[in-house]
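*Asks:* Next up is a structure, given as structure tokens.
The values are calculated or read from the model by the stated rules, or taken from the named source; none is laboratory data. The structure displayed is predicted, hence computed values, not measured ones. Glycine gets a Cβ as well: all are built from the backbone with ideal geometry, and neighbour counts include every protein chain shown. With ligands, DNA and RNA removed, areas are computed over all heavy atoms of the protein, side chains included. Shrake-Rupley method; radii C 1.70, N 1.55, O 1.52, S 1.80 Å.
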Amino acid sequence: LDFYGGTPESEAAVLRGLKWLAAHQQEDGSWPLHDYARGIAGCDCKTDFEKNVDESDTAGTAFGVLAFLGAGGTHNRAPKDPPGLAQYQKVVEKGLLFLGKNQTTSGEDNLGHMGGSMYAHTLGAIAFCETYGLSGDERAKVNAQLAIKYLLDAQHKAGGGWRYNKGQAGDMS
């Protein structure tokens, strides 16, 4: 924290952000980008901005999981400091379960795909790789391997890049 310029105030802000994310997680474990307030009693934080947001439960859920992982908490462990991260282990687990349930685990064509665009899938892949790296949980390793397999299969054969969908020629983004 000290090395990167963190302060008690910045850590408190991170914890407030995690609290907000936990309160806006859907029952199925997802965080929809376009309708995150759905079913959240008393939520009045939705703005007109959401009208222009793509529907991508995979991307939103990956972003949600990655925020908790970035704070050092996973589905099976949490650091002692900052206190309070352990209360979010179930939140992370539900997010990972949502991504895993939406990952194709059989067949040849889309094995490992989590749905949505390549951007969304890649975010999900990062979430599983980070989870495995932080937790050592073999279940996350399997999901990470499947996600990476899909990325390798989806790479444009001639140009070597990726774009929005499997097999499309890549661009600079």
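*Asks:* Quick check on my filter: what residues within the range 114-142 are open to solvent by less than 30 Å² (accessible area, probe 1.4 Å), in contact with a Gly (Cβ under 9 Å, 6 or more places away or on another chain) and under 23 Å from Ala86 (Cβ atoms)?
*Replies:* Listed by number, the residues that qualify are Ala127, Phe128, Ala140.
*Asks:* Looking at (1) assigned to a helix (DSSP H, G or I); (2) open to solvent by less than 70 Å² (accessible area, probe 1.4 Å), which is the one condition that is false for Gln87?
*Replies:* The failed condition is (2).
*Asks:* Report yes if His113 is in a loop (DSSP other than H, G, I, E, B), touching a Phe, Trp or Tyr at 6+ places or on another chain (Cβ under 6 Å), modelled with pLDDT of 90 or more and over 16 Å from Phe68 (Cβ atoms), otherwise no. If you could, list the steps in order and put the result at the bottom.
*Replies:* Numbers: in a loop (DSSP other than H, G, I, E, B): yes; touching a Phe, Trp or Tyr at 6+ places or on another chain (Cβ under 6 Å): yes; modelled with pLDDT of 90 or more: yes; over 16 Å from Phe68 (Cβ atoms): yes.
It is true that His113 is in a loop (DSSP other than H, G, I, E, B), touching a Phe, Trp or Tyr at 6+ places or on another chain (Cβ under 6 Å), modelled with pLDDT of 90 or more and over 16 Å from Phe68 (Cβ atoms).
*Asks:* How about the range 1-21: which of its residues are of a type outside the set (Lys, Arg), part of a helix (DSSP H, G or I) and closer than 19 Å to Lys80 by Cβ?
*Replies:* The first filter runs over the range 1-21 and keeps only residues of a type outside the set (Lys, Arg), leaving 1-15, 17-18, 20-21.
Subsequent filtering for residues that are part of a helix (DSSP H, G or I) retains 8-15, 17-18, 20-21.
Of everything in the range 1-21, those that are of a type outside the set (Lys, Arg), part of a helix (DSSP H, G or I) and closer than 19 Å to Lys80 by Cβ turn out to be Pro8, Ser10, Glu11, Ala12, Val14, Leu15, Leu18.
*Asks:* Scan the range 15-33 and tell me whether some residue there is under 19 Å from Gly116 (Cβ atoms) and either modelled with pLDDT under 80 or hydrophobic (A, V, I, L, M, F, W, C) (or both).
*Replies:* yes
*Asks:* State all residues of the range 27-73 that are small (Gly, Ala, Ser), assigned to a loop (DSSP other than H, G, I, E, B) and touching a Leu at 6+ places or on another chain (Cβ under 8 Å); if no residue qualifies, say none.
*Replies:* Of everything in the range 27-73, those that are small (Gly, Ala, Ser), assigned to a loop (DSSP other than H, G, I, E, B) and touching a Leu at 6+ places or on another chain (Cβ under 8 Å) turn out to be Gly29, Ser56, Ala71, Gly72, Gly73.
*Asks:* A further question follows. Restricting the search to the range 97-110, which residues are in a helix (DSSP H, G or I) and either open to solvent by less than 20 Å² (accessible area, probe 1.4 Å) or not aliphatic (A, V, I, L, M) (or both)?
*Replies:* Correct list: Phe98, Leu99, Gly100, Lys101.
*Asks:* Let me ask something else about it. So which of Ala23, Ala13, Ala37, Ala59 ends up being without any contact (Cβ under 8 Å) to a residue 60 or more places away in the chain and open to solvent by less than 40 Å² (accessible area, probe 1.4 Å)?
*Replies:* Every option except Ala37 fails the conditions.
*Asks:* Still on this structure, I have one more. Right, Phe98: closer than 17 Å to Pro32 by Cβ, modelled with pLDDT of 95 or more and either in contact with an Asp or Glu (Cβ under 6 Å, 6 or more places away or on another chain) or among the aromatic types (Phe, Trp, Tyr) (or both) or not?
*Replies:* yes
*Asks:* Need pairs with beta-carbon distance below 8 Å; first residue over 17 Å from Lys101 (Cβ atoms) and touching a residue at least 40 places away in the same chain (Cβ under 8 Å) and within the range 132-151, second among the polar types (S, T, N, Q) and open to solvent by less than 30 Å² (accessible area, probe 1.4 Å); sequence gap 6+ or separate chains.
*Replies:* Leu134/Thr74; Ser135/Thr74
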